[in-house]
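Before any comments, here is the structure.
The values are calculated or read from the model by the stated rules, or taken from the named source; none is laboratory data. A quick note: this is a predicted structure, and the numbers were derived from the prediction, not measured. Glycine gets a Cβ as well: all are built from the backbone with ideal geometry, and neighbour counts include every protein chain shown.
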Amino acid sequence: MRDQNRFISDFHTNFDSLKNTPVVLYGVGQFTKQIVEQADDFHIIGLMDAKTTGQSVYGQRVLSEQEVAVSARAIIIVANLSVAGEIYQRIERFTREHCIEVYFLNGLKPPDYHTFTGENPYWEKDAEKLKERILANDIISFDIFDTLLTRRCKMPQDVFWLVAYEMGMRDFETDFARERKEAEKTCYRDVTRYFQLQQIYDILCREGVVTRHKVEAFMQKELEIEKRLLVPRESMCQILRYAKAQGKIVVLTSDMYLGTDLLTDLLAKADLGEYDDLLISCEVKRDKYWGEMWEYLISRYPGRRILHIGDNEIADVKTAREHGMESYGIASANALLAMNGMDQFLGQVKTGGDGVLWGLFSAKAVNDPFCMNVTKGRLYITDMRQFGYLFAGPLVLKYLLWLIKIARAQHIDTLLFAARDGYLLERMYQKIIRKQRTEAPNGIYLLTSRRAASVAGIKSEEDIWFVFDKMCSTASVKYERVLERGFGIRIDGEDIYRGSTIYKVGKETLFQHTVQRYAARIYENAEWERANYLKYLESLHLRGQLGFVNFVCRGVTQYCMTKITQRRMKGFYFASEEDILGIYPYMEDIFCLYGENLSTHTSKLNLMAKYLYGETILSAPNGQLIRFSEEGLPIYEERRESFARIQECHRGIEQYMEDMLEIIPDLDENLFSNEQIDRIWGTFDLKNVILSQEVRDVFCFDDYYGE
């Protein structure tokens, strides 16, 4: 009852402004029933559902699109947020044509960020057109930063934030980053426009930000971090190599405070050594912004046709043209995300760690400056490896860093990574503790499932009701499926409820019938399955304080495992659902990173809104565990989908973790805000992101206990 009251309370909060608006509810499930029966102060004119159009459900007519178009001003999609987006796609064109507002249960409208489709002349550019321009010129000049190389962080000052972090100034990262940026401005204003790194640190010494005897260490750390963060923009590097192959003279030009030796090292790390000339503002005492660099370049190659390629609209494009050169502007990674509109969704970063989250995303997603030109500004995700790297990698990394920290604090001896969500998590957990050489609890991949643990835990009528109430509650599920999947027994051939559904008969009626007719068989099977399960658990030699690891928690599996083992264990989850309060009796044992007691229908957290996608990703090669044999060996449900594409997603997540550990070897979960990670996770469902059919086919949601 508490969960129902909370749902209706959330509904009133989210839709108070629609009370006098003619509203249609899309869906005919239990949540729709609650709204119809309890939100009687709303003007609900009917329901929508493709399968029951024309029928009457909960006293409301299920309307056709034509009927909805006549009277409705708003549609509320009453569905789990993970699938609400799919439902919206079915009615998007219809609702747009008839100016009907659409809402999800969390009160938000479907995301519709501006993509600049067809409005931006940049989308007409491509690599082939650039090559044509190269062929028409003799000297090809390339900007370096954001053109040939990109940093895996959002802003240059994120580099300075990491310098302070790694130099032990962990309470002053933001202060140091600000002072380091201000020192550049001071050099430019009071010393010279062509300042070098040493002069910047001289200012920092003068201001008391860095002591004299630590200056060299700070400068070396900054260069070290620059090397870690910089990666080549591969398509632009290929353009450079193309120019060389055509016999062109290639010149690299940069307004930069790093000298030739240092820049040469950075370019060599990116495998960029195929150039003829390197012109850096701090050494030639000229810059691009004021045009002096272009005058100098023209004087070095008199009478030659020169093309400059760069990302800055003023220094690289406008000023170059004003000095008689050709120029070709390409977009930086940040500029592409701005043109795509995604930067609005990702929001402002709060820490240098958040800046690296952004940078890893952009360096992978929009490394190629022409990657969104065919789609007119929409990001195209072609495979599951890319999906895993971009969207799931940050979510998994943050959780595991948090898990290591909190498990130590809770004095856990062994962490049980529950199948199937724990398959990847356990592997990545072991990878982090090996890389960081940190002390952490022992990790074990535990074979379990709601089905295996709940059946093995049945000992009383209360346990039978638990399965009915908490697991087999889908209204349309047939009774024989309840018996087979919920209790491990078969229905009698002459049972009067064969073919009936919970929706038609009623949960309480079927429960009483089950106890009267099948209780003995249920207890006998449960005792047999429990004995077999215990054989498996004994083989694990579990000792000490146990921790239970899973994705999003209702508490069912952990509760059943405590009954089987007769041992309480502490649970560590990404988040917990609100109905855990009616399932798990020891809430002091539950720890969640992203939030507790959250709704998969009304939460505004992307993690919860799209948690079914997370469950698909966090999967294992085997199907769901059904039970154990008498030898203590697992028996699985036959796997219907191929694991190969999910495994590609795992590889993407693993590569993300390796890249982050390369950039920040001393990782700590406090480096990254939950808000930024949740935003990144939610981006794959935006209108300006296209998932290929191959990727979309991976996400097929089903319920073992449903139809």
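Would it be correct to say that LYS431 is within 30 Å of LEU633 (Cβ to Cβ) and surrounded by fewer than 19 Cβ atoms within 10 Å (Cβ to Cβ)? So LYS431 fits the description; yes.
If ASP469 satisfies every condition in (1) more than 30 Å from VAL396 (Cβ to Cβ); (2) buried (at least 19 other Cβ atoms within 10 Å of the Cβ); (3) not basic (Lys, Arg) but one, which is the exception? Unmet condition: (2).
Can we say PHE172 is in contact with a Lys or Arg (Cβ under 7 Å, 6 or more places away or on another chain) and under 18 Å from ILE225 (Cα atoms)? Judged against the criteria, PHE172 is not a match.
Screening VAL102 against (1) farther than 21 Å from LYS604 by Cβ; (2) of a type outside the set (Asp, Glu); (3) touching a helix residue (DSSP H, G or I) at 6+ places or on another chain (Cβ under 8 Å) leaves a single unmet condition, (1).
Any residue at all in the range 435-449 that's in contact (Cβ under 8 Å) with a residue 12 or more places away in the chain, part of a helix (DSSP H, G or I) and buried (at least 17 other Cβ atoms within 10 Å of the Cβ)? For the range 435-449, residues in contact (Cβ under 8 Å) with a residue 12 or more places away in the chain, part of a helix (DSSP H, G or I) and buried (at least 17 other Cβ atoms within 10 Å of the Cβ): absent. Look at the range 398-421: where a residue is among the aromatic types (Phe, Trp, Tyr) and a partner is in a helix (DSSP H, G or I), sitting 6+ places away or on another chain with Cβ atoms under 6 Å, you get TRP402/GLU669; PHE417/LEU425; PHE417/GLU426.
Could you tell me whether GLU37 is surrounded by fewer than 17 Cβ atoms within 10 Å (Cβ to Cβ), assigned to a helix (DSSP H, G or I) and at pLDDT below 90? No; evaluated as a whole, the condition is false for this residue.
Of the residues examined, ALA363 is one that is among the aliphatic types (A, V, I, L, M), over 18 Å from ASP138 (Cα atoms) and out of contact with any Leu (no Cβ under 8 Å at 6 or more places or on another chain). Could you go through the range 92-109 and let me know if any residue there is surrounded by 14 or more Cβ atoms within 10 Å (Cβ to Cβ), among the acidic types (Asp, Glu) and modelled with pLDDT under 95. Checked against the condition, which is being surrounded by 14 or more Cβ atoms within 10 Å (Cβ to Cβ), among the acidic types (Asp, Glu) and modelled with pLDDT under 95, the range 92-109 yields at least one hit. Of the helices (runs of 4 or more DSSP H) lying entirely inside the range 483-576, those containing at least 3 residues that are outside the structural domain of ILE404 (by TED's automatic domain parsing) and not small (Gly, Ala, Ser) span 502-505, 507-540.
Right, ASP158: in contact with a strand residue (DSSP E or B) (Cβ under 9 Å, 6 or more places away or on another chain), at positive phi, surrounded by 15 or more Cβ atoms within 10 Å (Cβ to Cβ) and charged (D, E, K, R) or not?
On the way: in contact with a strand residue (DSSP E or B) (Cβ under 9 Å, 6 or more places away or on another chain): yes; at positive phi: no; surrounded by 15 or more Cβ atoms within 10 Å (Cβ to Cβ): yes; charged (D, E, K, R): yes.
No; evaluated as a whole, the condition is false for this residue.
Within the range 1-34, restricting attention to residues that are β-branched (Val, Ile, Thr) and touching a helix residue (DSSP H, G or I) at 6+ places or on another chain (Cβ under 6 Å), which residue is surrounded by the fewest Cβ atoms within 10 Å (Cβ to Cβ)?
The residue in question is ILE8.
Out of all the residues in the range 293-310, which are part of a helix (DSSP H, G or I) and either on the phi > 0 side of the Ramachandran plot or without any contact (Cβ under 8 Å) to a residue 60 or more places away in the chain (or both)?
The first filter runs over the range 293-310 and keeps only residues part of a helix (DSSP H, G or I), leaving 293-300.
Once the filter is applied, which keeps residues that are part of a helix (DSSP H, G or I) and either on the phi > 0 side of the Ramachandran plot or without any contact (Cβ under 8 Å) to a residue 60 or more places away in the chain (or both), the range 293-310 yields MET293, TRP294, GLU295, TYR296, ILE298, SER299, ARG300.
Report the residue count in the range 124-153 for those that are part of a strand (DSSP E or B) and of a type in the set (Val, Ile, Thr).
The total comes to 3.
Do you know which residues across the range 407-420 are of a type in the set (A, V, I, L, M) and in a loop (DSSP other than H, G, I, E, B)? Give the steps one after another, and end with the answer.
First pass over the range 407-420, keeping only residues of a type in the set (A, V, I, L, M): 407, 409, 412, 415-416, 418-419.
Once the filter is applied, which keeps residues that are of a type in the set (A, V, I, L, M) and in a loop (DSSP other than H, G, I, E, B), the range 407-420 yields ILE412, ALA419.
Flag set for ALA164, criterion: among the aliphatic types (A, V, I, L, M), in a helix (DSSP H, G or I) and in contact with a Gly (Cβ under 9 Å, 6 or more places away or on another chain).
When the residues of the range 174-191 are filtered to those that are touching a residue at least 60 places away in the same chain (Cβ under 8 Å) and either surrounded by fewer than 19 Cβ atoms within 10 Å (Cβ to Cβ) or not assigned by TED's automatic domain parsing to the domain that holds VAL349 (or both), the one that is nearest to PHE160 (Cα to Cα) is THR174. Would you check if there is a residue in the range 221-234 being in the same structural domain as ASP276 (by TED's automatic domain parsing), touching a helix residue (DSSP H, G or I) at 6+ places or on another chain (Cβ under 8 Å) and without any contact (Cβ under 8 Å) to a residue 24 or more places away in the chain? Looking for residues that are in the same structural domain as ASP276 (by TED's automatic domain parsing), touching a helix residue (DSSP H, G or I) at 6+ places or on another chain (Cβ under 8 Å) and without any contact (Cβ under 8 Å) to a residue 24 or more places away in the chain, one finds none in the range 221-234, hence no.
Considering only residues that are among the acidic types (Asp, Glu) and under 19 Å from GLY310 (Cβ atoms), which ones fall in the range 227-265?
Filtering the range 227-265 down to residues among the acidic types (Asp, Glu) leaves 234, 255, 261, 265.
Selection gives GLU234, ASP255.
Counting only residues that are among the small types (Gly, Ala, Ser) and more than 17 Å from the chain's Cα centre (by Cα), the range 341-382 holds 3 of them. Going by the conditions given, is ARG639 under 18 Å from ALA419 (Cβ atoms) and modelled with pLDDT under 90? The answer is yes for ARG639.
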